[in-house]
Amino acid sequence: MSPHGPSSWLRTTLPLAACVLLVSTVAWIRVPLLPDLGDELALSATTLGWVVAAFGIGRLVMDLSAGRLADRFPPLYLFAVAAMVMCIGSGILAAAQVGGFVLFASFLLGAGSATSNTTGMATMSAVATDDRRGSAMALYSGSLLVGQALGPVVAGLLTSVGGW
């Protein structure tokens with residue numbers, strides 16, 4: 001058992017897990033919107049494929065530097081930056097009238113997602129005691145996956161009210 005008590009690691013990691021959950025939810029809102037985006041903006045299937053790829057490229061580009069950032073800056077600061085990037089990307093996506101803006105927004109969403117993911121993983125593993133690292137990583141992974149599951153549901157609810 002941890003010398004700090006069985007729940008002390010939870011007090012530190014739960015806020016981090018909530019940040020991962022929130023950013024993951026926002027990142028996955030775009031998925032069920034792709035067909036409507038494609039129809040309304042006359043985007044081809046190929047362009048929609050590039051929209052998905054732009055998210056992955058944004059993640060890849062940011063993953064390469066997010067680890068260094070996670071070593072240098074406080075985690076809640078990085079989560080705030082990731083959330084701001086996600087808000088900007090979401091705003092650009094919501095206002096997009098042409099495919100180029102959709103691609104750029106998707107890239108930003110990927111970059112914000114990568115920052116959040118790497119920060120969450122590095123920080124939750126670092127703050128957990130040795131005997132709780134597996135539990136901390138399970139909490140991280142669960143938060144990430146619940147966000148990925150909730151994002152499309154939130155998108156469906158929001159679009160049923162007012163469109164994409």
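The values are calculated or read from the model by the stated rules, or taken from the named source; none is laboratory data. Just so it is clear, the model here is predicted, and its values are computed rather than measured. Ligands, DNA and RNA are excluded from the accessible area calculation, which covers all protein heavy atoms including side chains. Shrake-Rupley method; radii C 1.70, N 1.55, O 1.52, S 1.80 Å.
General remarks:
- Residue with peak Gaussian network fluctuation, the chain [Cα springs, cutoff 10 Å], from Ser113, Ser125, Ser143: Ser125
- Here the accessible area is traced with a 1.4 Å probe on the protein chains. For the chain, carbon and sulfur cover 70 percent of it.
- Accessible surface computed residue by residue for the stretch 45-91, with neighbouring protein chains in place and a 1.4 Å probe, gives 60 Å² per residue.
- Rounded to whole Hz, the Karplus (6.51, -1.76, 1.60) HN-Hα couplings of the stretch 92-99, x for glycine and proline: 5, 4, 5, 8, 4, 10, 9, x
- Theoretical gain in end-to-end length, Gln148 to Ala95 [0.36 nm per residue, Cα-Cα removed]: 16.8 nm
- Whole-Hz ³J(HN,Hα) from phi, Karplus 6.51 cos²θ - 1.76 cosθ + 1.60, for the stretch 57-70, glycine and proline x: 5, x, 5, 4, 4, 7, 4, 5, 10, 5, x, 5, 5, 5
- Our coupling estimate for the stretch 50-55, obtained by passing each phi through the Karplus curve with A = 6.51, B = -1.76, C = 1.60 and θ = phi - 60°, is 5, 4, 5, 5, 4, 4 Hz, Gly and Pro reported as x.
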